1. Going from most exposed to least, what order do K212, K155 have by accessible area with a 1.4 Å probe?
2. What figure in square angstrom, to the nearest 10, would you give for the accessible area of E91 with a 1.4 Å probe?
3. What base-10 log of the normalised intensity I(q)/I(0) is obtained for region 114-162 from the Debye formula, alpha carbons as equal point scatterers, at q = 0.15, 0.17, 0.21 Å⁻¹?
4. Just the number, please: Stokes-Einstein D of region 154-206 in µm²/s, Kirkwood Rh from C-alpha pairs, 4 °C, 1.567 mPa s.
5. Taking the Cα centre of region 44-112 as origin, sum charge times position over the Cβ atoms of Lys and Arg (+1) and Asp and Glu (-1), and report the length of that vector in debye to the nearest 20.
6. When the chain is fully extended, how far beyond the present Cα-Cα distance does F199 get from Q59, taking 0.36 nm per residue of separation?
7. Please calculate the 1.4 Å probe accessible area of L65, with all protein chains present, and give it to the nearest 10 Å².
8. According to a simple spin-label model (label point 7 Å from Cα along Cα-to-Cβ), what is the distance in nm between C24 and R258?
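The values are calculated or read from the model by the stated rules, or taken from the named source; none is laboratory data. From a predicted model like this one, the values you see are computed outputs, not experimental measurements. Note that each Cβ is placed from the backbone with ideal geometry, even for glycine, and that neighbours are counted across all protein chains shown. Protein only, heavy atoms only, side chains kept; ligands, DNA and RNA dropped before computing areas. Shrake-Rupley method; radii C 1.70, N 1.55, O 1.52, S 1.80 Å.
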Amino acid sequence: MRVEDPKLKAELSDLGVDIRSGACMAELTSLGIGGTTNLLRITKHESIPELILLLERHQIPYKFLGGGSNLLIGDGELPWLILQLAKPDPEIVIEGNLAHVDAAADLGRTVTFCAKHDLGGMEGLIGVPGTIGGALRMNAGAYGMQIGSYVREVKLYRAAKRSIEILRGTQISFEYRHTSFAPDDMMLAVTLELPSKSFKEILQGIRICNEKRRSSQPLGQKSAGCIFKNPPGASAGRMIDELGLKGLSVGDARVSDRHANFFVNAGQASAKDMLTLIADVRGRVENAFGVKLEHEVVVWDA
Ligand code: EPU
């Protein structure tokens, strides 16, 4: 999808939107998969309602990209524009036990920035790629914690109301890899309320989580983290492993040898390869265990 109309381009520019044409989604996603489209970078949250109206008036479909770390995007020329928040400066402001964080901020950097201000709780998320906005939307978690537990307030664009709103943490439901946000809501910023801990203690927790992650997950390889959610009381990775599917490949899409719920792009995998592999593994798990695995990875197929 391209923005060609000079008048529309000028209107976008007036809204503080930078246009990058021919942006390659393979370069913007941790899986390294995805075709090309125009990327619109939003520099002012306040311009979003008007931006959305403008795109709708021109009947231009769009999708909202966070950090691209839990996403499988289709191949070729994509039929929608991509919207993404530009990173503001500063991304994080600390006020006592509160961290005000822009949705575009990197998750790992947020954890360490807060740690340097003696604010902990988020140690488990160290090493999880992506942005704060993406982590918030899916209630990212690891090693017994989830980001939702620390959310005091969220600023978001509510698509249904076409306006920017502030929600209190208590108005949002945070469940395992799921939140009550609507699929077309856009996370803009969050205020986290974090427990005071010494930097030394937080660093110790971070080291332990890093070590566990390094020993069980394929960190150096292109992946979208776990492909499937864990079914209640079970582990998708263990089930796939028990079926002997580590190393199973379609083209360069491959079930990781290290953790069977991570599917890696071992070279030039296409979205089609990855989707075929996901469907194959899902079918085999269903046949063997009678369990329909639910995707954790978000699929934007073209
Ligand atoms: N296991 C296997 N073979 C494998 C993978 C796992 O036998 O190939 C076994 C492990 O030995 C362990 C059990 O399955 O006994 C659970 O494995 P692990 O501790 O790696 O946890 P997981 O349930 O596979 C979850 C999250 C991860 C998170 C870790 C640590 C999901 C889908 N995955 O993995 O999150 O990092 O716990 O808390 O909830 C993600 O969401 O993308 C993600 C990576």
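1. Working: K212 95, K155 45 Å².
Reading off the accessible areas and sorting them downward yields K212, K155.
2. 30 Å²
3. Result of the Debye calculation: -0.46, -0.57, -0.81.
4. Diffusion coefficient, whole number: 98 µm²/s.
5. 80 debye
6. Contour length minus the Cα-Cα distance gives 45.4 nm.
7. 0 Å²
8. Here the modelled spin labels are 2.5 nm apart.
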